[in-house]
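Accompanying notes for the structure given below.
The values are calculated or read from the model by the stated rules, or taken from the named source; none is laboratory data. Predicted model, so just to flag it, every value in this text is computed and none were measured. Cβ atoms come from the backbone with ideal geometry, glycine included; neighbour counts cover every protein chain shown. Only protein heavy atoms, including side chains, enter the accessible area calculation; ligands, DNA and RNA are left aside. Shrake-Rupley method; radii C 1.70, N 1.55, O 1.52, S 1.80 Å.
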Amino acid sequence: MKNFTKEVLFSKDAILGRVKGLAEDIRRDYYGKDLLLIGVLNGVFMFFSDLVKYLDMPVKVDFVRLASYGSGAKSSGDVRVLKGIEMSVTGRDVLVVEDIVDTGYTVDVLIKMIKAKNANSIKVCALIDKAERRMVDVPIDYTGFAVEKGFVVGYGLDYDEQFRYFQEIYTLHETGV
Ligand code: IMP
């Protein structure tokens, strides 16, 4: 079992303040429209829930689960769909809600899936944008935080299924075996 130290990167208050800000921007842009939020499981579950609460307007929700083959914390471009879109997307305004956009492979595949179903519009909201690690160019329309480096956990985000339950976001440092 690996050992880790962690340091707070974003406090609970900082996260909720930023999520409220994102919700205000999204409400302003979509109020009165037929908005479908598609969350990318599993890491998005806390962010998605807070975002929908702060949006405080009628929206429809659906979830997808995608896995990319890779080793440990590294992603690869080979993305597999474990759970696809169930709601009708045709003619709808769709907002993809991601926890982290890292290499961009996951969002890229998802945007292509949604485009193939003839959505009226597609935008992306990410709690964390790791732009420096991007391998494929994907548009992010609403960004919570930009993170330059490091692996982050908490507020739904995991390392090997650990640390999801924290209310803060931490940077994780491996200290050895
Ligand atoms: P991408 O396809 O490389 O953009 O992968 C994005 C996915 O990788 C996110 O939805 C997360 O599940 C995972 N991920 C990337 N970086 C981190 C991190 O720092 N902490 C936890 N999960 C991460």
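Counting only strands (runs of 3 or more DSSP E) that sit completely within segment 110-161, those holding 1 or more residues that are closer than 15 Å to L37 by Cβ correspond to 121-129, 142-146. In segment 49-79, which residue that is within 16 Å of the ligand (Cβ to nearest atom) and under 12 Å from L110 (Cβ atoms) is modelled with the lowest pLDDT? Per the stated criteria, the residue is S68.
For segment 114-132, the set of residues classified as under 25 Å from D50 (Cβ atoms) and either aliphatic (A, V, I, L, M) or touching a Lys or Arg at 6+ places or on another chain (Cβ under 9 Å) (or both) consists of I114, A119, S121, I122, V124, A126, L127, I128, K130, A131, listed by residue number.
Residues in segment 1-17 that are exposed (fewer than 14 other Cβ atoms within 10 Å of the Cβ), not polar (S, T, N, Q) and not in a strand (DSSP E or B): M1, K2, D13, G17.
Quick one: in segment 85-101, which of the residues that are assigned to a loop (DSSP other than H, G, I, E, B), in contact with a strand residue (DSSP E or B) (Cβ under 9 Å, 6 or more places away or on another chain) and open to solvent by 30 Å² or more (accessible area, probe 1.4 Å) is nearest to A119 (Cα to Cα)? For segment 85-101, the residue satisfying everything is R92. Of all residues in segment 125-149, those being closer than 28 Å to D13 by Cα and either in contact (Cβ under 8 Å) with a residue 60 or more places away in the chain or away from the ligand (no atom under 11 Å from the Cβ) (or both) number 12. Selection of segment 126-150 for residues being surrounded by 12 or more Cβ atoms within 10 Å (Cβ to Cβ) and over 28 Å from I114 (Cβ atoms) yields only G150.
Kindly indicate the residue of segment 163-177 that is part of a strand (DSSP E or B) and either loosely packed, with under 12 Cβ neighbours inside 10 Å or at positive phi (or both) and also nearest to the ligand (Cβ to nearest atom) among those meeting that condition.
Result: T175.
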